[in-house]
1. Is region B:112-122 home to any residue that is more than 11 Å from chain A (Cβ to nearest Cβ) and under 16 Å from the mean Cα position of the chain (by Cα)?
2. Take the residues of region B:46-62 that are part of a strand (DSSP E or B) and more than 7 Å from every other protein chain (Cβ to nearest Cβ): which is farthest from the chain's Cα centre (by Cα)?
3. Just the residues that are away from chain B (no Cβ under 13 Å), not in a loop (DSSP other than H, G, I, E, B) and not aromatic (Phe, Trp, Tyr), please, taken from region A:112-133.
4. Looking only at residues in region B:134-151 that are without any contact (Cβ under 8 Å) to a residue 40 or more places away in the chain and within 14 Å of another protein chain (Cβ to nearest Cβ), which one is least open to solvent (accessible area, probe 1.4 Å)?
5. Among the candidates B:91, B:75, B:84, single out the residue that is part of a loop (DSSP other than H, G, I, E, B), more than 14 Å from chain A (Cβ to nearest Cβ), in contact (Cβ under 8 Å) with a residue 40 or more places away in the chain and open to solvent by 10 Å² or more (accessible area, probe 1.4 Å).
6. What are the residues in region A:253-289 that are open to solvent by less than 30 Å² (accessible area, probe 1.4 Å), assigned to a loop (DSSP other than H, G, I, E, B) and touching a strand residue (DSSP E or B) at 6+ places or on another chain (Cβ under 7 Å), if any?
7. Sort through B:65, B:20, B:31 and tell me the only one that's in contact (Cβ under 8 Å) with a residue 12 or more places away in the chain, more than 7 Å from every other protein chain (Cβ to nearest Cβ) and either open to solvent by 40 Å² or more (accessible area, probe 1.4 Å) or more than 19 Å from the chain's Cα centre (by Cα) (or both).
8. Modelled with pLDDT under 90 and either buried (at least 21 other Cβ atoms within 10 Å of the Cβ) or assigned to a loop (DSSP other than H, G, I, E, B) (or both): does that describe residue B:177?
Amino acid sequence: MAYLQILKPGIQTTVQDAGRPQHQRDGFPESGSIDQGAARVANLLVGNAEQAAVLEFSLLGPTIEFSAPTFIALTGAEFATDLNGESLAANRCWQVQAGDVLTIGNATKGRVGYLAVAGGIQTQPVLGSRSTTMRLHLGGLNGQALAAGDLLPVKRQVVLPSYFHRHLPAERLPEQATPAEIRLLKGPQWDWFDEATQTALVDSEYEISNQADRMGYRLTGPKLTVPERSLLSTATVRGALQVPANGQPIVLLADRQTTGGYPIIAVVATVDLGYFAQCQPGQKVRFKLIGLPTAQTLLADVRQPLDELEQTVITGKYKPPYGISRVASQRIARLFED
Amino acid sequence: MDYRMIPVGDQAVAIEMGTTIDPAVNQRLQTIGQAVLAAHLPMVKTVIPGYATLTVTFNGQMATTEMVMKKLTPLIDAAMQAKLAPHQTWLIPVCYGGEFGPDLADVAAFAKCSAEEVIAKHTSRDYLIYFMGFLPGFAYMGSVVDEIAMPRLAEPRLEIPAGSVGIAGAQTGFYPVASPGGWRIIGQTPLKLYDPAHPQSFYHAGDLIRFQAVSAAEFATIKQAVAAGTYQPKGVA
């Protein structure tokens with residue numbers, strides 16, 4: 001069996017996939033990657049199904065040794081990364097060999113990074129998903145964040161079609177110097193809040209606090225006046241801005257509790273959820289209200305570059321020769337050109 | 001029963017029926033939930049019940065909220081007329097009082113009756129699981145008879161043992177795993193309500209729970225059988 005060996009774990013490095021949405025009604029958090037777009041791109045770059053299990057890490061990445069040849073791709077936040085001491089670019093597919101060491105350092109921009117490996121991380125699924133829910137010790141490797149010495153089963157792979165076509169532009173990441181603009185939809189309890197509070201939410205700057213994890217990011221900023229009415233517990237959604245008694249909103253993310261009783265003033269548009277998740281502690285954010293039709297058009301457009309990559313890769317795939325033979329033939333062709 | 005559909009963000013719709021905790025409303029929502037899942041709409045991810053809501057989540061890259069609402073309307077209308085979805089009634093053995101139920105005497109004082117009467121009242125009716133949340137296997141159930149509906153502790157306990165059965169106002173429930181909590185603990189079940197090896201609980205939202213008082217000796221016997229893996233949770237036919 002081929003595996004990845006964790007030499008240094010980084011911060012909260014976990015196995016994630018699409019999570020367990022269908023088990024939310026039994027009280028299991030949805031879980032899954034918090035920047036779903038970045039995880040999807042990483043998988044696509046190495047020829048995986050979009051929902052294959054990847055490694056997610058935050059602010060400081062892991063150091064990993066490969067026991068067998070395979071293909072990898074890094075996406076999400078910008079991390080100082082090298083392979084055997086040589087700097088390695090993100091957002092493209094790379095071939096690695098047995099004994100190679102990948103060192104992912106600090107995040108230089110953004111917060112959450114992803115490492116996809118051809119074939120996906122092969123840990124045991126729990127309730128249909130390999131996602132780690134640390135709070136419940138569920139999924140991943142023993143339900144925990146990875147530790148030094150952990151071995152993650154993967155598949156050995158030596159050939160990948162269209163190797164040279166597998167790259168994409170970097171995703172949009174928040175700039176620390178300027179407030180990140182996050183688009184919101186009015187939440188189900190928007191009307192419960194008075195006008196001054198509604199205005200405060202969209203006219204002020206909020207800051208991502210240090211209390212931010214896979215359950216949710218707490219924001220600090222102008223206090224929102226909490227309505228007197230009480231809400232019966234209802235299902236939570238990813239991106240909901242819940243306003244607890246202290247008036248400081250929390251944006252609920254992947255590992256949130258499945259139900260909650262705090263009023264939801266607004267919900268982050270799905271198109272901006274990954275961008276929001278990429279905000280580092282201290283990042284200023286500004287909210288902008290948009291309508292539902294706009295949010296849905298934006299969301300539909302997200303797929304386009306991914307579909308285009310898939311097209312390129314698939315078209316590339318049918319141009320012989322394939323794999324290693326193609327690399328060889330290109331080298332030979334270049335000799336004649338010189 | 002009237003309902004309305006409210007978009008929650010761009011990938012969910014909540015079906016809301018009033019704003020009260022009412023078993024009839026919740027059971028109707030569970031029935032709608034079953035119908036939505038049975039329809040296997042390709043864009044629908046799942047349904048999640050609350051007290052008076054059923055939230056339907058969907059893939060926003062496959063359909064708009066408007067399209068989903070259009071698909072849901074006939075399903076809801078049919079489920080409003082249909083028979084209630086089938087559900088199970090589960091028997092949960094509980095050893096009340098003593099070390100298992102440190103708050104039983106307080107609840108008795110609150111209800112101005114004996115501990116035996118509190119037990120009789122708590123076991124006198126079946127409780128509907130309105131929804132599951134907070135922790136896996138944590139069932140929000142109601143409602144207990146008014147006399148024993150004691151509000152939660154002012155200071156939550158730091159750790160309540162797994163299997164503890166408690167009361168919080170009209171709600172009753174059990175702690176599937178050891179956890180902090182402020183419920184009035186009146187007993188404990190020997191059943192394993194959360195097992196990381198088989199994380200899915202045997203009971204679900206929409207099921208009914210019937211508590212059954214057992215002695216400390218019976219508690220020990222059942223606990224042994226559970227540990228040996230020979231105990232099957234009992235349903236009521």
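1. The answer is yes, given that some residue of region B:112-122 is more than 11 Å from chain A (Cβ to nearest Cβ) and under 16 Å from the mean Cα position of the chain (by Cα).
2. B:58
3. A:112, A:113, A:115, A:116, A:117
4. So the residue we want is B:138.
5. Sole residue among the options that is part of a loop (DSSP other than H, G, I, E, B), more than 14 Å from chain A (Cβ to nearest Cβ), in contact (Cβ under 8 Å) with a residue 40 or more places away in the chain and open to solvent by 10 Å² or more (accessible area, probe 1.4 Å): B:84.
6. A:253, A:255, A:256, A:258, A:269, A:278, A:279, A:283
7. On the way: B:65 fails: more than 7 Å from every other protein chain (Cβ to nearest Cβ); B:31 fails: either open to solvent by 40 Å² or more (accessible area, probe 1.4 Å) or more than 19 Å from the chain's Cα centre (by Cα) (or both).
After ruling out the rest, the residue left standing is B:20.
8. yes
The values are calculated or read from the model by the stated rules, or taken from the named source; none is laboratory data. Note that the coordinates shown come from a computational prediction; the quantities given were computed from them, not determined experimentally. Note that we place each Cβ from the backbone using ideal geometry, even for glycine, and neighbour counts take in every protein chain shown. In case anyone asks, the SASA skips ligands and DNA or RNA and just uses the protein heavy atoms, side chains included. Shrake-Rupley method; radii C 1.70, N 1.55, O 1.52, S 1.80 Å.
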